[in-house]
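Below: one structure, written as structure tokens.
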Amino acid sequence: MLATWIESLFFGLVIISKMSNRFGRHFRLLVWSLFFGGLLGSTLADQFTYIVKRGDTLSGIAQQYGVSVTALADRNGLSRNYLLKTGQRLVIFAATRESAANPRTDAAYVVKPGDTLFDIAQAHNLSVAELAGRNGLNPDYHVKAGEQLTISSGATTTANDIAYVVKRGDTLFDLAKANRISVDELAERNGLDKDYQLKIGDRLILPGSPGTDFQTAAPDPSASLPSSIGSAIRNAPVAAGRWKYIVVHHSGVDEGTVKGMDRYHRDVRHMENGLAYHFVIGNGHGMGDGEIAVGNRWKKQLDGGHLRSLEQDKIALGICLVGNFDKSYPTAAQMKSLNALVRALMERCDIPADHVKTHQQINIIGTRCPGSHFPTKSFLAGLKD
């Protein structure tokens, strides 16, 4: 673009110089003004600055303004796979000033002073959750004047398409695999880069065809877990019939870390494989509240060390929640993580709900674990829903 401008300027100077010598000073001034006005106008009228908003991708912006990803990337000195940052400025060339000012009016909305997500959603027959999800925002986000929001999904749907709302742990790869399509096809169908990191609440269109039985990732319980935990559960070399029970414990102390538990079990309990449990869930003191740690006994599929019976340890997975539940209650985050983790393990290891037990229920020697404040009855009943 710069080279073309300079070339036009050079030839213009040559022509104007020759013509002005022939027709005089006033003609030269008139031609100069017309020439530079037209040259600069044609150069600047078709470009404008775009401020990147949360969830934007190069492919999405290119599609929105009718330019190629390559052209947009090259114009801004970026690679095609560059991950944009919120607030970043891009220079965009459009075919005309009109197209630049009104990019796909059915798909975009520029926030005006006083606008709220609720008002915008109502005006476009959307729920606040839908509008927020399409823009990678929290429903309580306060929009700012000048921000650009995606109103429509940006994809043309057919009667066989399936709308899907992204959940925690979802990836383009997992969704594409579950629906027997390629990542490229799924990404292109939704105007995304194939390396795009999905966000909870994003809305996707899963392309369908008559008679095709598409599956979303919803049936996989591990999808509600952090992706690293879900992957650890799915990728472990679990032998068929290896595990028969899941046993829930508390640590009996107010705070704790996996490293500290491992050291105690090695040095005091003299356990060769360290940490006696397969999983640990933190309470915010030493570990994050609800944080799930995966122990080596799960990764390597080793017997547990959490029960008094060696035979039971061979077939029972152990989960320990940090805390003393004779003194206090497990946190809401701990119970949420426990529920998701247990469901994922039940699915992965083919363990029925009635084989999920507390330490007190299964241990051959009497124990109060996991404590009087653990909601045993409601937790176990909920697994049967």
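The values are calculated or read from the model by the stated rules, or taken from the named source; none is laboratory data. In this text the structure is predicted, and so the values were computed from the model without any measurement. Please note: Cβ atoms are built from the backbone with ideal geometry, for glycine as well, and neighbour counts cover all protein chains shown.
Working only within segment 249-275, note down all residues that are of a type in the set (Val, Ile, Thr) and under 30 Å from the mean Cα position of the chain (by Cα).
At the first step, the residues of segment 249-275 found to be of a type in the set (Val, Ile, Thr) are 253, 257-258, 268.
If the condition is that a residue be of a type in the set (Val, Ile, Thr) and under 30 Å from the mean Cα position of the chain (by Cα), then Thr257, Val258 are the ones that fit.
Inspect segment 92-100 for any residue being modelled with pLDDT of 70 or more and assigned by TED's automatic domain parsing to the domain that holds Ala145 and give the result as yes or no.
Within segment 92-100 (the criterion being modelled with pLDDT of 70 or more and assigned by TED's automatic domain parsing to the domain that holds Ala145), the answer is yes, since at least one residue qualifies.
Which residue is farthest from Thr57 (Cα to Cα), if the candidates are limited to segment 173-192 and must be crowded, with 20+ Cβ neighbours inside 10 Å and at pLDDT below 75?
In this case the residue turns out to be Asn190.
Looking at segment 195-234 only, could you name the residues that are part of a loop (DSSP other than H, G, I, E, B), under 22 Å from Ala340 (Cβ atoms) and modelled with pLDDT of 55 or more? Break it down into steps so the answer makes sense when it comes.
Going residue by residue through segment 195-234, those that are part of a loop (DSSP other than H, G, I, E, B) are 195-202, 207-220, 225-226.
Adding the requirement that they be under 22 Å from Ala340 (Cβ atoms) leaves 197-202, 215-220, 225-226.
Scanning segment 195-234 gives Gln197, Leu198, Lys199, Ile200, Gly201, Asp202, Leu225, Pro226.
Out of the residues in segment 317-374 meeting the condition of being among the hydroxyl-bearing types (Ser, Thr, Tyr) and under 28 Å from the mean Cα position of the chain (by Cα), tell me which one is nearest to Gly305 (Cα to Cα).
Ser337
Could you list all residues from segment 356-385 that are among the hydroxyl-bearing types (Ser, Thr, Tyr), more than 15 Å from Val247 (Cβ to Cβ) and at pLDDT 90 or above?
Once the filter is applied, which keeps residues that are among the hydroxyl-bearing types (Ser, Thr, Tyr), more than 15 Å from Val247 (Cβ to Cβ) and at pLDDT 90 or above, segment 356-385 yields only Ser372.
Suppose we filter Ala332, Ala353 for residues that are surrounded by fewer than 19 Cβ atoms within 10 Å (Cβ to Cβ) and over 16 Å from Ile246 (Cβ atoms); which single one remains?
Ala332
Looking at segment 246-261, which of its residues are buried (at least 20 other Cβ atoms within 10 Å of the Cβ) and either polar (S, T, N, Q) or in contact with a Leu (Cβ under 8 Å, 6 or more places away or on another chain) (or both)?
The answer is Ile246, Val247, Val248, His249, His250, Ser251, Val258, Met261.
Is it the case that some residue within segment 61-68 is in a helix (DSSP H, G or I), at pLDDT below 65 and over 15 Å from Thr49 (Cβ atoms)? Spell out the reasoning first.
Step one: filter segment 61-68 for residues in a helix (DSSP H, G or I), giving 61-65.
Next, only the ones that are at pLDDT below 65 stay: 63.
Filter once more, keeping what is over 15 Å from Thr49 (Cβ atoms): 63.
Scanning segment 61-68, I find at least one residue that is in a helix (DSSP H, G or I), at pLDDT below 65 and over 15 Å from Thr49 (Cβ atoms), so the answer is yes.
Are there any pairs with C-beta distances below 8 angstrom linking a residue in segment 291-303 that is basic (Lys, Arg) to a residue that is part of a strand (DSSP E or B), with the two at least 6 apart or on different chains, and if so which?
Filtered contacts from segment 291-303: Arg297/Gly318.
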